[in-house]
1. Any residue in the stretch 101-125 that is surrounded by fewer than 17 Cβ atoms within 10 Å (Cβ to Cβ) sitting within a Cβ distance under 6 Å of a residue that is at pLDDT below 95 and assigned to a strand (DSSP E or B)? List the pairs, counting only those 6 or more apart or interchain.
2. Tell me, yes or no, whether the stretch 117-128 has at least one residue that is part of a strand (DSSP E or B) and over 17 Å from residue 173 (Cα atoms).
3. Could you run through the stretch 148-187 and say how many residues are farther than 24 Å from residue 43 by Cα, surrounded by 15 or more Cβ atoms within 10 Å (Cβ to Cβ) and out of contact with any helix residue (DSSP H, G or I) (no Cβ under 9 Å at 6 or more places or on another chain)?
4. Being closer than 24 Å to residue 240 by Cα and in contact with a strand residue (DSSP E or B) (Cβ under 9 Å, 6 or more places away or on another chain), is that true of even one residue in the stretch 128-148?
5. When you go through 167, 163, 133 one by one, which is the residue that is over 14 Å from the mean Cα position of the chain (by Cα), modelled with pLDDT of 95 or more and closer than 29 Å to residue 103 by Cβ?
6. Please find, within the stretch 236-248, the residue that is farthest from residue 158 (Cα to Cα) out of those that are part of a loop (DSSP other than H, G, I, E, B) and at pLDDT below 95.
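The values are calculated or read from the model by the stated rules, or taken from the named source; none is laboratory data. Everything quoted here is computed from the prediction, not taken from an experiment. Here the Cβ is made from the backbone with ideal geometry for all residues, glycine too, and neighbour counts use every protein chain on show.
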């Protein structure tokens, strides 16, 4: 998921063992492999975006395992700012990048990001479209080894240790703003939380190190579910929505 209100403006102003056989063992990202193996073949969470307690959009983040890798996607919208984001990442079976494509709309302008990855080397372009002009920025970057996509931090809480204080550290890359950071995910008690979908007993995972920081709340038990994401320092939350089939 792209960080929202804190990066929205600046984005326009300048995502089983047999499953991994295709990759040489030495090339596999250990953490990415662990997370991929623990997740089901496909999944998605659909959360409502709330600003100051008022409904203001949605986020739909999901993944699909394929024979040769993983498709990761994010569809986020925040109508009050005219923001619509379409993220599609083609990832290796260990969640490392192959290519990334983003369309980010805000008002009458939009940003296109198209990146290709060769190991830790990233090339591509960022194209900003305004009503009467277009700006193209070439991208040529070297990432820290074993960098994972930013949205993976929101999937990890579904499978990481629930022990209080358990930490996971990894380098992530956010293609929307070419952002790199060393991120720490720490498990904490979440308590009982209220959402439009009901009450949940949760584990809270603190994601720290990449702006903005986030707190992710997941249900306890075998099949965890992401039911809340807080944007730390902002009055913004993503909350679980009722199952449409359960709404009269």
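1. none
2. So the first thing to find is which residues in the stretch 117-128 are part of a strand (DSSP E or B), and the list is 117-118, 121-128.
Keeping just the survivors that are over 17 Å from residue 173 (Cα atoms) gives 127-128.
Yes, that holds for at least one residue.
3. Result for the stretch 148-187: 3.
4. Our first condition is that a residue be closer than 24 Å to residue 240 by Cα; within the stretch 128-148, this holds for none.
Checking the stretch 128-148: not a single residue is closer than 24 Å to residue 240 by Cα and in contact with a strand residue (DSSP E or B) (Cβ under 9 Å, 6 or more places away or on another chain).
5. Details: 167 fails: closer than 29 Å to residue 103 by Cβ; 163 fails: closer than 29 Å to residue 103 by Cβ.
Exactly one of 167, 163, 133 is over 14 Å from the mean Cα position of the chain (by Cα), modelled with pLDDT of 95 or more and closer than 29 Å to residue 103 by Cβ, namely 133.
6. Applying the first criterion (part of a loop (DSSP other than H, G, I, E, B)) to the stretch 236-248 yields 241-243, 247-248.
Pick out the ones that are also at pLDDT below 95 and you get 242-243, 247-248.
Values: 242: 19, 243: 19, 247: 26, 248: 30 Å.
So the residue we want is 248.
Conditions tested, residue by residue: (1) farther than 25 Å from residue 91 by Cβ; (2) in contact with a strand residue (DSSP E or B) (Cβ under 8 Å, 6 or more places away or on another chain); (3) assigned to a loop (DSSP other than H, G, I, E, B).
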position: 204; (1), (2), (3): yes, yes, no
position: 218; (1), (2), (3): no, yes, no
position: 224; (1), (2), (3): no, yes, yes
position: 228; (1), (2), (3): yes, yes, no
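To keep it simple, each residue is scored yes or no on (1) at pLDDT 95 or above; (2) in a helix (DSSP H, G or I); (3) within 21 Å of residue 160 (Cα to Cα).
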position: 10; (1), (2), (3): no, yes, no
position: 19; (1), (2), (3): no, yes, yes
position: 22; (1), (2), (3): no, no, no
position: 62; (1), (2), (3): yes, no, yes
position: 65; (1), (2), (3): yes, no, yes
position: 70; (1), (2), (3): yes, no, yes
position: 76; (1), (2), (3): yes, no, no
